1. Do you know which residues across the stretch A:191-242 are at pLDDT 95 or above, over 14 Å from the mean Cα position of the chain (by Cα) and acidic (Asp, Glu)?
2. Give the stretch B:155-167 a look and list any residue that's of a type in the set (A, V, I, L, M, F, W, C) and at the interface with chain A (Cβ under 9 Å from one of its Cβ atoms), or say none.
3. A:Asp194: of a type in the set (D, E, K, R) and surrounded by 23 or more Cβ atoms within 10 Å (Cβ to Cβ), yes or no?
4. Can you work out which of the residues in the stretch A:171-187 that are among the small types (Gly, Ala, Ser) and assigned to a loop (DSSP other than H, G, I, E, B) is surrounded by the fewest Cβ atoms within 10 Å (Cβ to Cβ)?
5. Taking the residues in the stretch A:154-170 that are surrounded by fewer than 20 Cβ atoms within 10 Å (Cβ to Cβ) and not hydroxyl-bearing (Ser, Thr, Tyr) as candidates, determine which candidate is farthest from B:Ala79 (Cα to Cα).
6. If B:Ala181 meets every condition in (1) more than 7 Å from every other protein chain (Cβ to nearest Cβ); (2) among the aliphatic types (A, V, I, L, M); (3) touching a residue at least 12 places away in the same chain (Cβ under 8 Å) apart from one, which number is that one?
7. Show the residue pairs that are 6+ apart or on different chains and have beta-carbon atoms under 6 Å apart, the first residue being within the stretch A:217-241 and hydroxyl-bearing (Ser, Thr, Tyr), the second being surrounded by 13 or more Cβ atoms within 10 Å (Cβ to Cβ) and assigned to a helix (DSSP H, G or I).
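The values are calculated or read from the model by the stated rules, or taken from the named source; none is laboratory data. Since we're looking at a predicted model, the values are computed, not measured. Cβ atoms come from the backbone with ideal geometry, glycine included; neighbour counts cover every protein chain shown.
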Number of protein chains: 2
Amino acid sequence: LKGEARAATLAGVAQKDASPYELYYWPGIPGRGEFVRLVFEDAGVPYVDVGRVPEAEGGGVPAILRLLAGERAGPLPFAPPCLVVGDLVLWQTAHICHWLGRRFGLAPQDEGGQLAALALQLTVADLVGEVHDTHHPIAGSLYYEDQLEEAARRARLFREERLPRFLSYFEQTLERNEAGAGRVLVGAGVTHVDLAAFQVLEGLEYAFPHACARLAAQIPRLRALRERVAARPRLAAYLASERRLPFGESGIFRRYPELDPA
Amino acid sequence: LKGEARAATLAGVAQKDASPYELYYWPGIPGRGEFVRLVFEDAGVPYVDVGRVPEAEGGGVPAILRLLAGERAGPLPFAPPCLVVGDLVLWQTAHICHWLGRRFGLAPQDEGGQLAALALQLTVADLVGEVHDTHHPIAGSLYYEDQLEEAARRARLFREERLPRFLSYFEQTLERNEAGAGRVLVGAGVTHVDLAAFQVLEGLEYAFPHACARLAAQIPRLRALRERVAARPRLAAYLASERRLPFGESGIFRRYPELDPA
């Protein structure tokens, strides 16, 4: 993207030529791209949300498809979200969040903490993948309506086994993190991992309100973390803005009542 | 593990107290642990394969379960494979391979190459996850026999859509990598990503011989990469040794003829 095409959705305000950071993600859904957006927004660093730049200005879905088709020199990304920063290109959500988190002071400074942060962020990504597969257990290329029975079966086991497993794991991780006094997942300060935990809890409560309500009493630290992250000034402003996309019926987190019975 | 407990399966020969690297992975299957083993074996760096150390010497499954139960101070790993090196603990296969690869000279030296290497390794991990889900599309906690119909349906879409998509992507990545003259996936020399590509091709040919045969003509560079990796002296010795575990009926890669019709 060049020149006018940078009239993008930026952190705080729309600006032109304000940032070298180009995020490529499907417009219209929070999806996996939202984990990356939260790092930019919390850091207050402007970024170009290419998928949401008008096509006439070089953005939109065609710009994403050109990147995936390999028109750019260098490594070929496999799937969005992708991040382009000058000559660098990254893909894989957790990897992008970790790299940005280190740049923006949203990561531990010691090696052990950084290693744990990436591992935790990848564990969040695994949970996100399992959420996706509750409504698409057979194939992402099929409609949900074409895999209803399988989805019902997978979602039940997700609610009963996997969701408690993941949430209790993160709760335990908070509890064990003495450096953070149980308030952050790794190290002493807020990191990209805490932002990701916030987002996955937001999505889970949207998609599985009943299952989450049943587990709420078991994850007090995680719920408090979510509240604290949401109250961080820059994030609170973002969450109240039009830049924050709502969950819907075509992303990772979907509210299908039949997959989350009362 | 201490003292006698280090009488482990080490790169090259069994040695005691020969390595600070402790790999925690379920014994008896290559699984995701094999991607980590290949980095050690190719680098010629001794490691303790804790799951294969006798229980009487502090190893085996009980040692893995103790690590996952949090008996060790520091970050709590979510699932094997896990790597413990002194005070450091890592989990998530791709993360471990990337970290070891950088230590052992099996990673690009420039930032762009390192970023691509981790992204590629994570893309291999995604493929591995999709292979797993061909035989366990509903839940890992159920037997394959309890999800036969769903597995047949998912496996068909994996063979027809996802497998060609992943393999053609890696073929294209090889083709585009001018620094490596099309012989390695990223940078100029062999990296942990090439070892992972080798292993996933080994597993795919075991699990889906017919589907792989149909795609073979479309991935000449990838097939040549696999041959070159297998011929690397230390890896060739490892692959011929008893340390190399065969694929079977209880790992990621399983040969169920009904999931790969001729």
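1. If the condition is that a residue be at pLDDT 95 or above, over 14 Å from the mean Cα position of the chain (by Cα) and acidic (Asp, Glu), then A:Glu205, A:Glu227 are the ones that fit.
2. B:Leu157, B:Phe158, B:Phe166
3. So A:Asp194 fits the description; yes.
4. Here the residue is A:Ala181.
5. That would be A:Arg156.
6. Answer for B:Ala181: the failing condition is (3).
7. Between residues of the stretch A:217-241 that are hydroxyl-bearing (Ser, Thr, Tyr) and residues that are surrounded by 13 or more Cβ atoms within 10 Å (Cβ to Cβ) and assigned to a helix (DSSP H, G or I), the close pairs are A:Tyr238/A:Glu41.
Residues checked against (1) at pLDDT below 95; (2) over 28 Å from A:Asn177 (Cα atoms); (3) buried (at least 18 other Cβ atoms within 10 Å of the Cβ):
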site	(1), (2), (3)
B:Ala5	yes, yes, yes
B:Leu10	yes, yes, yes
B:Tyr24	no, no, yes
B:Val48	no, no, yes
B:Gly51	no, no, yes
B:Gly59	no, no, yes
B:Pro62	no, no, no
B:Pro75	no, no, yes
B:Pro80	no, no, yes
